[in-house]
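Below: one structure, written as structure tokens.
The values are calculated or read from the model by the stated rules, or taken from the named source; none is laboratory data. Every value quoted in this text rests on a predicted model; they were computed, and no experiment measured them. Here the Cβ is made from the backbone with ideal geometry for all residues, glycine too, and neighbour counts use every protein chain on show.
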Amino acid sequence: MSTITALTTQVYSVFIRATPEQIWDAITKPEFTSKYFFGSEIESTFEPGARYVQWAPEREREWVEGEIVESDPPRRLVHTWLSLWDDDQGREQPSRVTWEIDAGDDGVSLLTVVHDRLEDAPKTAASVSGGWMRILSGLKTLLETGEPL
Amino acid sequence: MTDDDLVFRALADPTRRLLLDRLFERDGRTLTELESQLEMTRFGVMKHLRILEDAGLVVTRRSGREKLHFLNPVPIRLIHDRWIDKYTEHRVAALADLKHELEDTA
């Protein structure tokens with residue numbers, strides 16, 4: 001992905017045959033995230049100002065750390081993001097992740113993830129771009145089939 | 001048309017693939033920027049972008065007074081997971097079987 005020059009905002013979206021409530025649970029509950037987020041369990045109270053952590057499998061170390069900025073279940077979640085799986089990325093400035101869930105009229109919801117404020121986190125920007133794609137594809141498969149990808 | 005149909009249809013055109021490549025190189029561009037790189041009318045580029053948007057391959061976001069176009073690679077990943085993985089896994093497995101068989105009999 002070395003040809004990418006500007007990755008300060010990344011947008012990913014996917015239609016999922018599920019309700020906003022189901023998608024919200026899949027994003028915020030560790031038993032779900034461990035099945036599509038590279039085995040990572042999420043931990044947060046999701047109150048504004050609360051810590052946001054994505055654990056490595058077995059909670060061996062923190063992979064991602066941030067703070068909840070905005071939480072409006074089951075529509076919108078905003079948190080900061082600092083990648084800790086790599087020391088170079090861990091020294092960059094925190095970026096921001098916004099999850100938006102829009103209900104459709106036919107039982108299909110649109111999930112959009114915007115990862116922005118990456119101006120001072122170029123290594124993080126390059127590192128997460130393939131990851132979000134796999135995470136959203138896995139999340140869709142999990143919710144629609146009940147099976148991890 | 002199913003979601004896959006829309007993606008395959010959108011990808012079955014060289015101009016639209018070029019637009020995706022441009023966004024891959026630099027994401028979050030305006031129509032004017034995208035248009036300036038193509039020998040095509042503004043209307044023509046808009047038409048292609050609309051087909052890409054319908055397929056979910058391009059997502060637009062407002063930034064102030066500008067409408068920015070972002071490449072959304074998720075539908076391509078879904079096609080990959082649905083169509084490519086399935087067949088390549090089979091081949092890899094067949095080659096692995098062949099290797100075992102040849103090595104066992106050697």
Practice item. From B:Ile79, B:Ile84, grab the single residue that is β-branched (Val, Ile, Thr), in contact (Cβ under 8 Å) with a residue 12 or more places away in the chain and over 20 Å from A:Val128 (Cβ atoms). Key: B:Ile79
Practice item. May I ask you to list the residues in region A:21-42 that are charged (D, E, K, R) and in contact with a Leu (Cβ under 9 Å, 6 or more places away or on another chain)? Key: A:Lys35
Exercise for review: Check A:Val97, A:Val53 and return the single one that is surrounded by 15 or more Cβ atoms within 10 Å (Cβ to Cβ) and free of Cβ contacts under 8 Å to residues at least 24 places away in the same chain.
Suggested key: A:Val53
Exercise for review: State whether the residues of region A:106-117 include one that is touching a His at 6+ places or on another chain (Cβ under 9 Å), part of a strand (DSSP E or B), within 11 Å of another protein chain (Cβ to nearest Cβ) and surrounded by fewer than 20 Cβ atoms within 10 Å (Cβ to Cβ).
Suggested key: no
Point to revise | Checking B:Met46 against (1) in contact with a Leu (Cβ under 6 Å, 6 or more places away or on another chain); (2) modelled with pLDDT of 95 or more, the condition it does not meet | key: (1)
Check your understanding: Taking region B:12-33, which residues are away from chain A (no Cβ under 14 Å), closer than 23 Å to B:Arg82 by Cα and in contact (Cβ under 8 Å) with a residue 24 or more places away in the chain?
Key -> B:Asp13, B:Arg16
